[in-house]
Every structure is written in C-alpha cells, then in structure tokens.
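Below is one structure, written out as structure tokens, with a few remarks after it.
Every read-out reported here was derived from the displayed coordinates using simple, explicitly stated rules and does not represent laboratory data. From a predicted model like this one, the values you see are computed outputs, not experimental measurements.
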Amino acid sequence: GLLGLYSQYQLVNMLRPDEDSSMQIYSNANFEKVYGGTGLRLGIAEFAATEIYPDDRERYLEFMNMDNIAERITESGTRFISQAFRMRRPDGGYDWKIATLLSLAAGEQRKYLFELQEAGRSVLNALKLEYGDSWEQEDSE
C-alpha cells in the first residue's frame, strides 16, 4: 500500500515522454523545487544542473535519456533500470541515491515511474570502493 511507498521511496514521478510531461506522485526528498512543470526534458536538464553532483551529471543525463529508454529497459531483461547518483542535500552536501526507471504497461503511450530512494549500506560500500569518499564533505561548485 501507500505506507510501503512512503517508507521505501523519497520521490516518485510519473513520466510520459511522448507528452514531454512529468507528474509528481509523492515526495519527501526536499529538493529546491518540483521539476517538470516546464516539460519533462527541460525538467531533467534543470534537475541535473541543480541537484546532481557535478561529476555525475553526464551519467545522469544519459540514464534519463527518454529517446532510448525503452531499448535500455528491454536490454536489461527486466521492466526497470537503476543507477546510483550523488544528489544534493538541503545543507548543500551530497548523498548517494538510487534512481530507478520502471516501465509501465500503457497501451500505445510510453509511461515510466521515476523512483528515488536512499542507497543502502551495501550499495554505499560498493560506491565508495568505486568513487572514493572525498565527495562527502564537498559543497557545490
């Protein structure tokens, strides 16, 4: 039910790439603003510029590319793809979050859920091995 949604995710948005639209379903993520009011693709670009750690921005934009999302999800062998990104905290620091794009059956029109959740301890340990932990104390550039 909804309690599971609230406890597991910090943000859930419905994405409709064919309409270039995004609708926020739920959020307790404390981002500066709700993105997507200006259109899905512009909202993605604004979110990357404002909320994503500078070194992760290009990778985030590739992950959120609506032009090839269906192919990437199909190649995954599942109905979703996920990646970890460093995202801004209200105090200006950054935390690792797991972003997931889940394909929904929607007839002719493509629909996806964008879900954001905290990275768990095992994921954080793996990310620190790959990226180091120097980013933890850094502020925005």
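Quick rundown of the values:
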read-out: Nonlocal amide H pairs with Tyr26, under 5 Å, H built at 1.01 Å; value: Val12
read-out: Phi to ³J(HN,Hα) by Karplus 6.51 cos²θ - 1.76 cosθ + 1.60 over the range 114-119, Hz, x for Gly, Pro; value: 9, 10, 10, 9, 4, 7
